[in-house]
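Following: one structure in structure tokens, then a few remarks.
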């Protein structure tokens, strides 16, 4: 599948806020949003009046970029969320949070979702004891996500495991540092999903 291979810092600048796509770098003075808080391109500093459609589009693009999802796949998530009971916008975010790469990131086993995706693709994690290398794999309540035994010898994995032991987790996850594994204990509710997205605007966009 095609992936965006350009500078991810441009994506943050386009949305006008930090999307934390580069992990630790986003917390330093090198962050592109802190250095140049305007949109990229020759017209980035010009003031433009944004339409209602433009606001809705920006929220959808922001959500896609935070979770690293392409347009067609994002629309499939929305269609699935729409068929579920409850609020469509919250259902959408709940599905995105259950992606394996996002769960790995939330557990503190990577510094960004981009790194989490790469680690999953390289087969460093198991779900319920079976190796899974599909970042979009949806983790269910009760599933156990663990670092493979062979992968624990990697210097980078060791560093991430040390950091994960001190990371504050959302209430829908639990982590066992000694076992290098975490568990999805409940489905996340909206208050537990700290992404700067107004999901109702995404619903309005797809309902046009």
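Below are the figures for this structure:
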quantity: Count of the range 111-136 residues which are in a helix (DSSP H, G or I) and under 22 Å from residue 188 (Cβ atoms); calculated: 7
quantity: Candidate set: the range 52-102, residues that are in contact with a helix residue (DSSP H, G or I) (Cβ under 9 Å, 6 or more places away or on another chain) and outside any helix (DSSP H, G or I); chosen: the one surrounded by the fewest Cβ atoms within 10 Å (Cβ to Cβ); calculated: 85
quantity: Residue ID - farthest from residue 50 (Cα to Cα), chosen from residues in the range 165-183 that are buried (at least 17 other Cβ atoms within 10 Å of the Cβ) and within 16 Å of the chain's Cα centre (by Cα); calculated: 173
quantity: In the range 137-158, the residues that are over 24 Å from residue 72 (Cβ atoms) and not in a loop (DSSP other than H, G, I, E, B); calculated: 144, 145, 146, 147, 150, 151, 152, 153, 155, 156, 157, 158
quantity: Filter result for the condition that a residue is at pLDDT below 95, outside the structural domain of residue 52 (by TED's automatic domain parsing), buried (at least 16 other Cβ atoms within 10 Å of the Cβ) and at negative phi, over 197, 127, 145, 120; calculated: 197
quantity: Test set (1) buried (at least 19 other Cβ atoms within 10 Å of the Cβ); (2) at pLDDT below 95; (3) not in a loop (DSSP other than H, G, I, E, B) - residue 108 fails condition number; calculated: (3)
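Results for (1) without any contact (Cβ under 8 Å) to a residue 12 or more places away in the chain; (2) touching a strand residue (DSSP E or B) at 6+ places or on another chain (Cβ under 8 Å), shown as yes or no for each residue.
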residue: 148; (1), (2): no, yes
residue: 152; (1), (2): no, no
residue: 160; (1), (2): no, no
residue: 170; (1), (2): no, no
residue: 179; (1), (2): no, yes
residue: 187; (1), (2): no, no
residue: 191; (1), (2): yes, no
residue: 194; (1), (2): no, no
residue: 198; (1), (2): no, no
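The values are calculated or read from the model by the stated rules, or taken from the named source; none is laboratory data. Predicted model, so just to flag it, every value in this text is computed and none were measured. We place every Cβ from the backbone using ideal geometry, glycine too, and count neighbours over all the protein chains shown.
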